[in-house]
Amino acid sequence: MNHFEYRGNSLFAEDVSVAEIAATVGTPCYIYSRATLEHHWQVFDEALVSLDHLICYSVKANSNIALLNLLARLGSGFDIVSGGELERVIKAGGDVSKTVFSGVGKTDQEIQFALQTGIHCFNIESAAELTAIDNVASRLDQVAPVSIRVNPDVDAHTHPYISTGLKENKFGVEIEYALPLFQQAAQMAHIKVIGLDCHIGSQLTDMSPFIDALQRLILLIDDLKSNDIEIEHLDVGGGLGITYDNESPPSPAEYVKALLPLLENKKLKLLIEPGRAIVGNAGILATSVTYLKTNAEKHFAIVDSAMNDLLRPALYDAWQNIIPVEKRPEGKLKNYDIVGPVCETADFLGKNRDLNIQQGDLLAVCSAGAYGFVMSSNYNSRPRAAEVMVDGDQMHVIRQRETIADLFKGESLLPDPG
């Protein structure tokens, strides 16, 4: 569910009209619904109520500190993949002891920072990383809590760029090599093994890959136990999909119900790392139609948002619904490609969309809360968009729009040779 709906012919975010927000902060702008965000987190928490669990929101999905702060207030943990994301969690008031550090390329500086702040654990992705963490922990005279991320070689049936659980992917340790690495870790004086981790991909809409992966993890847990290695938690990752178009992903309750039979009598804390499923449908991108253009083959709506604002269509050929902010009761639909001003053919937000629009109209790109602003850039020297959080009948700017001067910050000319 989400709290973006039409009232009459006008699109509202909770109790604030999207047109009013656009008039106040300009376009393009990302608009988030607090009620939707909190509801989606609470649905996961309620589904897991019978289990000892920790929800670690995947910060990479959307890392605005206001959004992270709202989740922290609910008691959420966090899944991070960089020192910068850890800094964001801290700035947002998140509980570092509920934070897991994933990612294949942690630097010594990031490892040291995470150890000194007291994170819950590192999700180890290679033997080389295990050695690096042991070395840093030894230097600090600390013991690093670790969970080893296993790659179960399960096909998640998702876009190849967001598949993470196959042998060809860079993530995790191949499952057949996991036991020796656990045994190596158990012998290290500055390492404490506390968990087993797995994440097979993103935007999954079928339970079978999750079940397949979990069955393989349960066998590994039993193998570890027979080798005197007891773990405290099982981290099943994230990846639960959302509805962009006609998808029917499992609900959190259906997801947990399917996992429960496999977890009986394991006495493990369950960690889960949802990102898109919490924030994806909690946001939209509002954009203005700059020009309408027609050639012999196509109608184009040229808007003020571009691939630098929303990369998913260009990167993944992703489909997101695009709707008018103000419906026109009269006029005919035309089939448009919604394109931006960036000098790339890949600069589109949507193709073949039937719309009744005019120059100057506002459009909303739906399901833009995840992997939207967080993947944006300054390509073509375009300032990044504003971000707004709606709370009931109030709107709050949670990120100011960048200025042209912001783009030059940190740059400098060469000295005058004269």
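The values are calculated or read from the model by the stated rules, or taken from the named source; none is laboratory data. Note that the structure is a prediction, hence the values are computed from the model and not measured. Virtual Cβ from ideal backbone geometry, glycine too; neighbours counted across all protein chains shown.
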Pairing a residue in segment 99-112 that is at negative phi with any residue that is of a type in the set (S, T, N, Q), where Cβ atoms lie under 8 Å and the two sit 6 or more apart in sequence or on different chains, gives VAL100/ASN123; VAL100/SER147; PHE101/ASN123; SER102/ASN123; VAL104/SER126; ASP108/ASN135; GLU110/SER82
Output the number of the condition that ALA258 fails; it satisfies all remaining conditions of (1) under 25 Å from the mean Cα position of the chain (by Cα); (2) crowded, with 17+ Cβ neighbours inside 10 Å; (3) farther than 23 Å from GLY369 by Cα; (4) not hydroxyl-bearing (Ser, Thr, Tyr). (2)
Pull up segment 370-418, narrow it to residues that are among the hydroxyl-bearing types (Ser, Thr, Tyr) and not in a loop (DSSP other than H, G, I, E, B), then point me to the one that is farthest from ALA61 (Cα to Cα). SER381
Taking segment 169-216, which residues are touching a helix residue (DSSP H, G or I) at 6+ places or on another chain (Cβ under 7 Å) and small (Gly, Ala, Ser)? ALA178, ALA185, GLY201, SER202
Before we move on, is LEU181 modelled with pLDDT of 80 or more, assigned by TED's automatic domain parsing to the domain that holds LYS267 and either in contact with a Lys or Arg (Cβ under 8 Å, 6 or more places away or on another chain) or surrounded by 13 or more Cβ atoms within 10 Å (Cβ to Cβ) (or both)? yes
Given the conditions (1) of a type in the set (Gly, Ala, Ser); (2) in contact (Cβ under 8 Å) with a residue 24 or more places away in the chain; (3) surrounded by fewer than 19 Cβ atoms within 10 Å (Cβ to Cβ); (4) under 17 Å from ASN151 (Cβ atoms), and given that ALA128 satisfies all but one, which numbered condition is not satisfied? (2)
Neighbours by Cβ (under 8 Å, 6+ apart or cross-chain): first from segment 1-28, touching a residue at least 60 places away in the same chain (Cβ under 8 Å); second part of a helix (DSSP H, G or I) and charged (D, E, K, R): GLU14/ARG34
So for segment 1-17 (the condition being modelled with pLDDT under 95 and crowded, with 22+ Cβ neighbours inside 10 Å), does at least one residue qualify? yes
Confirm whether ILE231 is surrounded by fewer than 23 Cβ atoms within 10 Å (Cβ to Cβ) and touching a Phe, Trp or Tyr at 6+ places or on another chain (Cβ under 9 Å). yes
PHE44 vs. criteria more than 18 Å from ASP79 (Cα to Cα), crowded, with 21+ Cβ neighbours inside 10 Å and out of contact with any Asp or Glu (no Cβ under 6 Å at 6 or more places or on another chain): no
Six or more apart or on different chains, Cβ under 9 Å: which pairs go from a residue in segment 189-212 that's at positive phi to one that's of a type in the set (S, T, N, Q) and not in a loop (DSSP other than H, G, I, E, B)? Could you list them? GLY201/SER163
Which listed residue is at pLDDT 95 or above, under 23 Å from LEU68 (Cα atoms) and of a type in the set (Val, Ile, Thr), from ILE284, ILE338: ILE284
From the list ASN295, ASN321, exactly one residue is more than 24 Å from SER377 (Cβ to Cβ) and not hydrophobic (A, V, I, L, M, F, W, C). Which is it? ASN295
Quick check, is VAL289 surrounded by 17 or more Cβ atoms within 10 Å (Cβ to Cβ), of a type in the set (Val, Ile, Thr) and under 25 Å from PHE78 (Cα atoms)? no
Exclusive hit being at pLDDT 95 or above and among the acidic types (Asp, Glu), set ASP141, ASP155: ASP141
